[in-house]
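Just below is one structure, and these are the notes that go with it.
The values are calculated or read from the model by the stated rules, or taken from the named source; none is laboratory data. All values derive from a computational prediction rather than experimental measurement. Cβ placement follows ideal geometry from the backbone for every residue including glycine, while neighbour counts extend to all protein chains displayed.
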């Protein structure tokens with residue numbers, strides 16, 4: 001019997017291309033965010049140990065203040081110290097805990113910004129530099145599929161892994177705090193799990209992924225375009241061209257013809273091209289009906305799925321996505337013409 005060869009569908013080809021990008025960049029996509037989470041936990045552990053040492057010392061010396069009173073206890077009994085917390089105190093405790101959770105789990109996202117930036121910058125340039133592009137062009141793969149696989153890897157695969165690393169870091173941090181509270185006579189359910197909102201924060205992280213993909217599209221598109229076009233030193237071209245353009249616009253005051261200052265160009269053009277891959281930059285462009293300070297104090301509201309999806313109403317999001325799409329089309333066109341450097 002003759003074996004029947006079934007052609008691979010476009011979806012199947014794209015899936016294999018995504019696997020290839022993951023295998024070749026596992027260090028940045030997988031290891032980097034998890035290592036960042038581990039480092040965050042280690043630093044949090046050091047901070048907790050130092051805080052416990054300071055509180056034990058204050059408790060033994062009788063200088064531990066609770067509600068303006070001096071408390072002198074033998075050791076550190078969290079149940080005794082937190083027994084008479086008011087509703088306001090518990091609300092403030094929850095807000096402080098939410099802030100702590102966000103900060104402790106933000107390290108994978110910080111690493112994500114650098115990973116996406118440098119991955120896109122070298123995604124199409126490295127193939128031309130080592131001439132492996134000749135091998136990939138000999139395969140039945142379209143340049144559109146190749147570029148899109150790199151784009152999806154940067155804007156969907158890498159953020160999804162970073163979210164998983166962030167949520168695991170958050171969970172481990174809460175478990176670590178629970179052990180500390182339990183060891184000192186407190187109730188982890190009452191002091192850690194009840195006042196905080198980990199499920200809301202987790203849902204907000206997941207809802208953030210498509211927002212990030214759209215918001216970072218102009219940055220990823222610009223970097224991929226430079227990666228496909230630059231003959232050498234794509235980093236300098238990618239950074240210096242927007243910075244040089246911003247300098248010219250600022251010195252010539254050309255934006256005043258459109259009723260804007262030079263700061264508008266730096267924020268909406270240079271900033272979107274260079275720092276859009278870093279998570280959280282979209283928050284700087286959003287309106288804050290309740291006031292910026294109020295929103296920053298209530299992180300659960302700011303990072304909830306509903307507030308994340310509010311970004312879909314931002315004109316800057318869709319304008320940037322349209323510009324990023326143009327960059328991707330140009331990068332595909334340059335990829336088709338690419339051979340050797």
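Quick grid of which residues meet (1) closer than 20 Å to residue 116 by Cα; (2) part of a loop (DSSP other than H, G, I, E, B); (3) touching a residue at least 60 places away in the same chain (Cβ under 8 Å):
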residue: 169; (1), (2), (3): no, no, yes
residue: 177; (1), (2), (3): no, no, yes
residue: 220; (1), (2), (3): yes, no, yes
residue: 227; (1), (2), (3): yes, no, yes
residue: 250; (1), (2), (3): no, no, no
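Only one of the numbered conditions (1) in contact (Cβ under 8 Å) with a residue 24 or more places away in the chain; (2) part of a loop (DSSP other than H, G, I, E, B) is not met by residue 154, and that is (2). Count of the range 124-139 residues, restricted to those that are farther than 30 Å from residue 210 by Cβ, in contact (Cβ under 8 Å) with a residue 40 or more places away in the chain and not in a helix (DSSP H, G or I), is 1. Out of the residues in the range 268-287 meeting the condition of being more than 12 Å from the chain's Cα centre (by Cα) and outside any helix (DSSP H, G or I), tell me which one is surrounded by the most Cβ atoms within 10 Å (Cβ to Cβ). Restricting to residues being more than 12 Å from the chain's Cα centre (by Cα) and outside any helix (DSSP H, G or I), the top hit is 286. For the range 229-240, a tally of residues being surrounded by 15 or more Cβ atoms within 10 Å (Cβ to Cβ) and part of a helix (DSSP H, G or I) returns 6. Residue count for the range 257-267 under the criterion of being touching a helix residue (DSSP H, G or I) at 6+ places or on another chain (Cβ under 7 Å) and either under 17 Å from residue 244 (Cβ atoms) or not in a helix (DSSP H, G or I) (or both): the result is 4. Counting only helices (runs of 4 or more DSSP H) that fall entirely inside the range 1-94 and contain at least 3 residues that are at pLDDT 60 or above, touching a helix residue (DSSP H, G or I) at 6+ places or on another chain (Cβ under 8 Å) and over 30 Å from residue 184 (Cα atoms), the qualifying elements are 10-24.
Any chance the range 202-213 includes a residue that's assigned to a helix (DSSP H, G or I), out of contact with any helix residue (DSSP H, G or I) (no Cβ under 6 Å at 6 or more places or on another chain), farther than 30 Å from residue 130 by Cα and modelled with pLDDT under 90?
Step one: list which residues in the range 202-213 are assigned to a helix (DSSP H, G or I), which gives 202-213.
So of that shortlist, the ones also out of contact with any helix residue (DSSP H, G or I) (no Cβ under 6 Å at 6 or more places or on another chain) come out as 206, 210.
Right, trim to farther than 30 Å from residue 130 by Cα and you get 206, 210.
Applying the additional criterion that residues be modelled with pLDDT under 90 yields none.
No.
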